[in-house]
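Chemist: Supplied in structure tokens, the structure appears directly below.
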Amino acid sequence: MQLPVLVQSAAVRQAVSDTLCGCPSVCLQGTDVFESRLLDVFLTLLQDQVNAVRMAATQSLRSLAKYLGTAWIRARLLPRLNARLVDRAASTYLQRITVLYAVRDVVTAPACADISDAFLPLLLTSFEDDVPNVQFVAVQAAAAALDAGTLTRAQIAEVHAALLKMGNTSKLDVDVRYFTEIALSKCA
């Protein structure tokens, strides 16, 4: 989606991202209104070339969950995020990292604990990414979820097993290995 000329400035895009999903007047009109008017803009901001704009968009996910509900996040947003993460040929590593930051922001929010099971596969899949930066962010997101206490015992066991498998990979980047060990210590 091409943004209007007014939003070509990175500062304007960041301001739009900061206020877009935290705007209760639009979100309170319902999911249909948000989807028809703002969802494409929100998804475009997640792919922005400026990191601050992408991060502002990921941080607004908590507001989306608050106003639109976790059921909407699970049914409508998660499949679109998953598609960006899984299709490595159609996404850049920066887009995959942005999705992982979004996942981190959702799974660490207490209000979103009921949908952490839906986001967990995205993290676990990212442990196997070929790009160390993606693995690094995935491990940090997993550690943040473990710290937040929003994962069940079964989910913690899944994360633990995936981290052990990842840690036993001989080609693992030294920094990723270090943070994998830190995340493993949080599984106890």
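Chemist: For the range 105-128, give me each residue that is more than 24 Å from Val53 (Cα to Cα), in contact with a helix residue (DSSP H, G or I) (Cβ under 6 Å, 6 or more places away or on another chain), among the hydrophobic types (A, V, I, L, M, F, W, C) and free of Cβ contacts under 8 Å to residues at least 40 places away in the same chain.
Modeler: Leu120, Leu124, Phe127
Chemist: Within the range 144-161, is there a residue that is touching a Pro at 6+ places or on another chain (Cβ under 7 Å) and outside the structural domain of Ala52 (by TED's automatic domain parsing)?
Modeler: Going through the range 144-161, the residues touching a Pro at 6+ places or on another chain (Cβ under 7 Å) turn out to be 150.
Add one more test, that the residue is outside the structural domain of Ala52 (by TED's automatic domain parsing), and what stays is 150.
Scanning the range 144-161 turns up at least one residue that is touching a Pro at 6+ places or on another chain (Cβ under 7 Å) and outside the structural domain of Ala52 (by TED's automatic domain parsing).
Chemist: From Arg84, Arg37, which residue is at pLDDT below 85 and either buried (at least 20 other Cβ atoms within 10 Å of the Cβ) or under 21 Å from Ala138 (Cβ atoms) (or both)?
Modeler: Values: Arg37 fails: either buried (at least 20 other Cβ atoms within 10 Å of the Cβ) or under 21 Å from Ala138 (Cβ atoms) (or both).
So the residue among Arg84, Arg37 that is at pLDDT below 85 and either buried (at least 20 other Cβ atoms within 10 Å of the Cβ) or under 21 Å from Ala138 (Cβ atoms) (or both) is Arg84.
Chemist: Quick one: would you say Ala102 is of a type in the set (A, V, I, L, M, F, W, C), over 23 Å from Asn51 (Cβ atoms) and not assigned by TED's automatic domain parsing to the domain that holds Gln59? Can you show your working first?
Modeler: Details: of a type in the set (A, V, I, L, M, F, W, C): yes; over 23 Å from Asn51 (Cβ atoms): no; not assigned by TED's automatic domain parsing to the domain that holds Gln59: yes.
The answer is no for Ala102.
Residue-by-condition table, conditions (1) surrounded by 15 or more Cβ atoms within 10 Å (Cβ to Cβ); (2) of a type outside the set (A, V, I, L, M, F, W, C):
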site	(1), (2)
Asp117	yes, yes
Leu120	yes, no
Leu123	yes, no
Phe127	yes, no
Val131	yes, no
Ala144	yes, no
Ala154	no, no
Ala162	yes, no
Leu172	yes, no
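Chemist: While we're looking at this one, here's another question. I'm checking my understanding of the structure. Among residues of the range 45-74 that are outside any helix (DSSP H, G or I) and over 15 Å from the mean Cα position of the chain (by Cα), which one is surrounded by the fewest Cβ atoms within 10 Å (Cβ to Cβ)? Break it down into steps so the answer makes sense when it comes.
Modeler: Kept after step one, since they are outside any helix (DSSP H, G or I), are these residues of the range 45-74: 46-50, 60, 69.
Then keep just the ones that are over 15 Å from the mean Cα position of the chain (by Cα); that gives 49-50, 69.
Values: Gln49: 9, Val50: 15, Gly69: 15.
Only one residue fits best here, namely Gln49.
The values are calculated or read from the model by the stated rules, or taken from the named source; none is laboratory data. Owing to the predicted nature of the structure, the values given are computational and were not obtained by experimental measurement. Note that we place each Cβ from the backbone using ideal geometry, even for glycine, and neighbour counts take in every protein chain shown.
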